[in-house]
1. Which links in Lys221/Lys455; Lys84/Lys455; Lys264/Lys455; Lys145/Lys252 stretch past 26 Å when you go from one Cα to the other?
2. Per residue, how large is the accessible surface of the range 257-454? Use a 1.4 angstrom probe and give square angstrom.
3. Would you mind pulling out the separation of the Cα centroids of the range 423-461 and the range 321-348, in Å?
4. Could you go through the range 60-67 in sequence order and give the Karplus-derived ³J(HN,Hα) for each residue, using 6.51 cos²θ - 1.76 cosθ + 1.60 with θ = phi - 60°, rounded to whole Hz, and x for Gly and Pro?
5. Dividing the convex hull volume of the alpha carbon atoms of the range 349-421 by its residue count, what do you get in Å³ per residue?
6. For every helix of n ≥ 4 consecutive DSSP H residues, a contribution of -39,500 (n - 2.57) applies; sum these over the chain, divide by its total residues, and give [θ] at 222 nm rounded to the nearest 500 deg cm²/dmol.
7. Treating cross-link reach as a plain straight distance, find the lysines whose alpha-carbon is under 24 Å from the alpha-carbon of Lys179, omitting any fewer than eight places away in the same chain.
8. Any chance you could check the Cα centroid distance between the range 350-381 and the range 99-143 for me, in angstrom?
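The values are calculated or read from the model by the stated rules, or taken from the named source; none is laboratory data. Computed from a predicted model, the values in this text were never measured in an experiment. Here the Cβ positions follow ideal geometry from the backbone for every residue, glycine too, while neighbour counts run over all protein chains shown. Keep in mind that these areas ignore ligands, DNA and RNA; they rest on the heavy atoms of the full protein, side chains included. Shrake-Rupley method; radii C 1.70, N 1.55, O 1.52, S 1.80 Å.
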Amino acid sequence: MPSWTLVLAVCAVGIGGTFQYGYNVSIINAPTVHIHKFLNETWSSRYQTELNTSLLTLLWSVIASIFSLGGLCGAHIGGSMAIKLGRKGALLVNNFIAILASILMGISFPTGLFELLMVGRFLIGVNTGIGLCVQPLYIGEIAPKHLRGTMAMGSSIFLTGGILTGQIIGLRELLGGEKYWPILLSSSCIPALAQLLFLPWFPESPRYLLIDRQDEMKCTKALKCFHGPLHYQAEMEDIQREHLVLNGEKPKKPWQLFGDRSVKWQLITVIVMAMGQQLSGINAIYFYASYIFKQAGIPAEKISYVTLGTGACECLTALTCGLLIDYLGRRFLIIGGYTLMSFWCIVLTFSLTYQELYPWVPYLSMASIFAFILSFGLGPGGITNTLTAELFTQSSRPAAYMIGGSVSWLSFFTIGMIFPFIVNGLKQYCFVVFLLESLLVAIFIFFVIPETKNKSFLEIKQEFQQLNFRGRVKEKEAELYERRQLCNE
């Protein structure tokens, strides 16, 4: 079992990290109608003319989608901040961005400036982009290898917890009403303030202190704090071995990884998993959820409460995955998750096609939605960030997170842009596209990714060397064979 210090450290980084992402993705849905009204009234008072529908749609689209643009920018700078300021320092500085964003969104309504709402959404996107990059980096580096999977799942647990919290706070009985939506959007400052209060009590990443800062004394002190004075020695030896192998190698830039053959397949894996997670069909599930719940006979005014079940379902799967990941392994869970998602895509395609044929079919569709979310949480939703931390050594890890984060945010933005056209064009058959995507990612992982459970970062790197240098190994074997032939002659 991890020490209480490790558990509390995961909570301290999670509340201002991935929790912010889940929370801010979730809360923007509740005040949609009220923000539309605010835009209309502001435009009318400013220009003495009505805001036409197309321009209203454009303004709302900017407010909603500029969050992902901010996330992309945050992913680009998150790795650099983690190198220059340290993992802990980057997270602490990041909270001031969230506080500024909350202030701007909060005063947008009383000042009548919807532009402040756009800037605030962009800045909170930057905050979440940095958090998604640095938080799993910190957790992966402080966790002992036999508990790395369980502790890394803290990122997913807090992300899903943020989604569920946002769904609850956004109910019209709480802060989702017309009077309180500015408070709802500015409430992002609360997790930021909580992290500023609690995170300073915990030490910096020991790996960062020794390998990046060459400070063995602080590294030893941090390890004793995390693991206790009787159990820190094994982790210290593991960090020293990695430090010796890296031999003073400086942290790499993202573009340097693309030219480094020793991380070729690790980098391809991160890109495939980041794209696969966003393009897996989870967005389609949430799009169809309200329609399916309505078809099942749930009153329209009660659907928002039923939707809470999807958030609770995600939280449950994150917790379950955290308990299973270090027992069943990463490969089993992520391949199983994608395979099950493929199966539920087939079921949903048929159930949505024959939705009105039998009275029990809508209930099958509803069960399939929850089953798909469970499969996503047990597979790509929980394992992707864990594997990104494990596939790279210290010098390459921040750059890998920058690349993976950028690909993830670009995929998130792309699916947001093209998803309405996919649904309008293919209707329920859009799940066939997601079926093929999930199967392809599962096949890729099956043939490429080794099991990383209970292995050090150096052991995992060694397993990838055969794949990265397969061509060169064959060339050397051919040369050796030719030399033997010449010697025999």
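1. Values: Lys221/Lys455 24 Å; Lys84/Lys455 28 Å; Lys264/Lys455 20 Å; Lys145/Lys252 23 Å.
The pairs that break the limit, which is 26 Å between Cα atoms, are Lys84/Lys455.
2. Working: 7980 Å² over 198 residues.
For the range 257-454, the per-residue accessible area is 40 Å².
3. The distance from the Cα centre of the range 423-461 to that of the range 321-348 comes to 10 Å.
4. 5, 4, 5, 4, 6, 8, 5, 4
5. Details: hull volume 6.7 nm³, N = 73.
Per-residue hull volume (Cα only) is 92 Å³.
6. Working: 22 runs with 381 residues, N = 489.
Computed ellipticity for the chain at 222 nm equals -26000 deg cm²/dmol.
7. Lys37, Lys302
8. 34 Å
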